[in-house]
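S.K.: Handing you a structure now.
Readers should treat all values here as calculations from the given coordinates under stated rules, not as data from a laboratory. Here the structure is a predicted model, which means the values were calculated and not measured. All Cβ positions, glycine included, derive from the backbone under ideal geometry; neighbour counts span all protein chains shown.
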Amino acid sequence: MIAGGSVTIYVTDMERAVRFYTETLGLKLMYRGGPGYTAVDAGGGLELGLHATHPGAPTPGPHSPVQLSLSVTQPIGEVVATLRSRGVQVTDPKPGGGPITIATLADSEGNPIALIEHQR
């Protein structure tokens, strides 16, 4: 009944955020909607909408009320090692609730991200 979707991520520095999501995480740039919006393909039908902050918008950072979770397509240990080689501070993978393994990091704005490896 429902497939895919999007999540809006508020950012204070659009260019830095675009570099983080496309170059550091390796996600695909979909389009630029002017200086205040960029769409990034996170795979599996998920679009990340990077949106410039504005008065009344949520404040980006480590206390954001939303955490983005992204599924990994390689063993999570390999993904963590690759991100660390790119300068990202990532936690060591640990078991999550149920058949998953999780590692956490923050994006260029400090917004929390969980990387999820699903056990098959």
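S.K.: Apply the Karplus curve 6.51 cos²θ - 1.76 cosθ + 1.60, θ = phi - 60°, to the phi angles in the range 62-72 and return the couplings in whole Hz, x for Gly and Pro.
M.R.: Residue by residue, the range 62-72 yields x, 9, 4, x, 10, 10, 7, 10, 10, 7, 9 Hz.
S.K.: To continue, here is another question. Quick one: which residues, 5 or more positions from S69 or on another chain, have an amide H under 5 Å from its amide H? H modelled 1.01 Å from N in the peptide plane, none for Pro or chain starts.
M.R.: Those lying under 5 Å, H to H, from S69 are A114.
S.K.: Right, next: Rounded to whole Hz and in sequence order, give me ³J(HN,Hα) for the range 20-28 from the Karplus expression 6.51 cos²θ - 1.76 cosθ + 1.60, θ = phi - 60°, writing x for Gly and Pro.
M.R.: 4, 6, 8, 7, 6, 7, x, 7, 8
S.K.: Amide H neighbours of D107 under 5 Å, at least 5 residues apart or on other chains, H built in the peptide plane: list them.
M.R.: So D107 has HN proximity to I113.
S.K.: Moving on to the next point. What is the magnitude of the charge dipole of the chain about its Cα centre, with +1 placed on the Cβ of each Lys and Arg, -1 on the Cβ of each Asp and Glu, and no other charges, expressed in debye to the nearest 20?
M.R.: With only Lys, Arg, Asp and Glu charged at Cβ, the dipole is about 100 debye.
S.K.: While we're looking at this one, here's another question. For V79, V66, what's the fewest-to-most ordering of other Cβ within 10 Å of each Cβ?
M.R.: Least to most surrounded, the residues fall as V66, V79.
S.K.: What is the fewest-to-most order of V7, V80 by other Cβ atoms lying within 10 Å of their Cβ?
M.R.: V7, V80
S.K.: Then there's this: Can you give the log10 of the normalised intensity I(q)/I(0) at q = 0.12, 0.16, 0.18 Å⁻¹, computed with Debye over equal Cα scatterers of the chain?
M.R.: Ignoring solvent entirely, the Cα scatterers give -0.43, -0.78, -0.98.
S.K.: Can you give the helix-only mean residue ellipticity at 222 nm for the chain, where every DSSP H stretch with n ≥ 4 adds -39500 (n - 2.57) and the sum goes over all residues, rounded to the nearest 500 deg cm²/dmol?
M.R.: Value at 222 nm, helices only, nearest 500: -3500 deg cm²/dmol.
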